[in-house]
Amino acid sequence: MATEHRSDSRTLPSEGLIPIRTVSSLTGVNPVTLRAWERRYGLIKPTRTPKGHRLYTMADVDLINQVIALLEGGMSIGQVGKVLTTEKVQEAVDQEESVDPWTNYQRRFMQAIFRFDDSTLNEVYNEALSLYPVDIVTSRLIVPLLRELGWRWETSTGSVAEEHFFSVFLRNKLGARFHHLNRDLRGPKLLAACLPGEQHDVGILLFSLSAMDRDFQILLLGANTPLDELPSVVERAHCRGIVLSGSACINEQVLQNELPKLLRSVDVPVFVGGKVTSQYPKELAVIGVIPLGDDHNLALRKISNLLGHR
């Protein structure tokens, strides 16, 4: 929830005005989205320096957190503006039931996937990211689409080609965003990787983007990573934690030998996320890894609390 975001007065300018990068770090909303909320909806009205740079107050930060809370509750960005100006929350919620932006986004995505239309996919994806925080785009759009495509493939109503087409598109988009964002971050460094045998790296990429929006540094190793190589990487890169991802099954050798050996070999916490946490809850608890589940927001809150990152 939005209430997790807190300010640290030691990082703020003495005059009390905050640059957009700091606001983005405090709230998890990227600067492109903040500018869109200002330009298209008038939700935030920062002051400007003589050179045109935006500066925000802590009241603006509180307002942004209000916006996030309403978006997480299922409202569209257009309805949020009406709520903040009229305070008729129930009326806006009633109207929202017939105007669901995520259903529309998903429909447009599926049509583009069916036509193998990369241009439309790019257009819809960029539109959603310009208006909504990445966590909300992930939970309301990307994750449901991945589930839908997986279901279509399992029931033979869709094709492997459709799933691969979208996966490649998404991996390219997320990869470009990852390399763009992974600069000048000051938070704890996390080593992020997929468990051995796990070939699907979209989930760990989505997690990494959410983590970077909270100022974590990410060292991403990707799919099918050998666990015996991680202790050396942690030491050389000065990582504060390891985050591993798995979508379904873990090889018995990994579960009984490789994971326990990894925990004995490092002195940083080892987190595991994805469907494997619900598939093997007792086994993972015995080993001593820290389960994260599928919710990136809750997962990052748990990691932040453990590492003392605000």
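Would you mind giving the three semi-axes, in whole Å and largest first, of the ellipsoid equivalent to segment 108-205 according to its Cα gyration tensor? The partial results should precede the final answer.
On the way: eigenvalues 123, 64, 26 Å².
After diagonalising the Cα gyration tensor, the semi-axes are 25, 18, 11 Å.
When shorter helices are ignored and each DSSP H run of at least 4 residues is given -39500 (n - 2.57), the per-residue value for the chain at 222 nm works out to -16000 deg cm²/dmol. Take the Cα radius of gyration of the chain and divide it by 2.2 N^0.38 Å, N being the number of residues; the result is 1.05.
Each Cα pair under 8 Å and six or more residues apart adds its separation to the average, and for the chain the resulting relative contact order is 14 percent. Relative to the longest principal axis of the C-alpha atoms of the chain, give the angle of the C-alpha long axis of helix 202-212, reported between 0 and 90° and rounded to the nearest 10°. For helix 202-212, the angle is close to 50 degrees. The simple spin-label model puts a point 7 Å past each Cα toward its Cβ; for Ser119 and Thr47 those points are separated by 4.6 nm.
Computed from Cα positions, the angle between helix 160-181 and the longest principal axis of the chain comes to roughly 70 degrees. For Gly222, the residues whose modelled amide H falls within less than 5 Å of its own, excluding neighbours fewer than 5 places apart on the same chain, are Cys194.
Residues His180, His200, arranged from fewest to most other Cβ atoms within 10 angstrom of their Cβ, appear as His180, His200. Need one number: the % of Cα-Cα pairs in segment 182-307 sitting beyond the 21 Å mark. The share of Cα pairs beyond 21 Å in segment 182-307 comes to 30 percent. Normalised by the number of residues in segment 101-179, the average gap of Cα pairs under 8 Å and 6 or more apart makes the relative contact order 30 percent. Near Gly241, the amide H atoms lying under 5 Å from its own belong to Leu191; only residues 5 or more places off or on other chains count, and H is placed 1.01 Å from N.
When peptides 56-65, 160-169 are ranked by their average number of other Cβ atoms within 10 Å per residue, the highest-first order is 56-65, 160-169. Backbone phi angles across segment 214-230, fed through the Karplus curve with coefficients 6.51, -1.76 and 1.60 (θ = phi - 60°), yield HN-Hα couplings of 9, 6, 6, 8, 10, 9, 9, 9, x, 6, 6, 8, x, 6, 5, 8, 6 Hz in residue order; Gly and Pro are listed as x.
Amide H to amide H, with H built 1.01 Å from N, Ile44 comes under 5 Å of Glu38, counting only residues 5 or more places away or on other chains.
With contacts defined as alpha carbon pairs under 8 Å and 6 or more residues apart, what's the relative contact order of segment 182-307 in percent?
25 percent
Largest GNM mean-square fluctuation among Glu198, Glu229, Glu148, using the chain with Cα springs under 10 Å: Glu229.
Exposure proxy ranking for Leu170, Leu284, based on other Cβ atoms within 10 angstrom of each Cβ and starting from the fewest, stands as Leu170, Leu284.
Read-outs: derived from the displayed coordinates by stated rules, not from any lab. Every value quoted in this text rests on a predicted model; they were computed, and no experiment measured them. Here the Cβ is made from the backbone with ideal geometry for all residues, glycine too, and neighbour counts use every protein chain on show.
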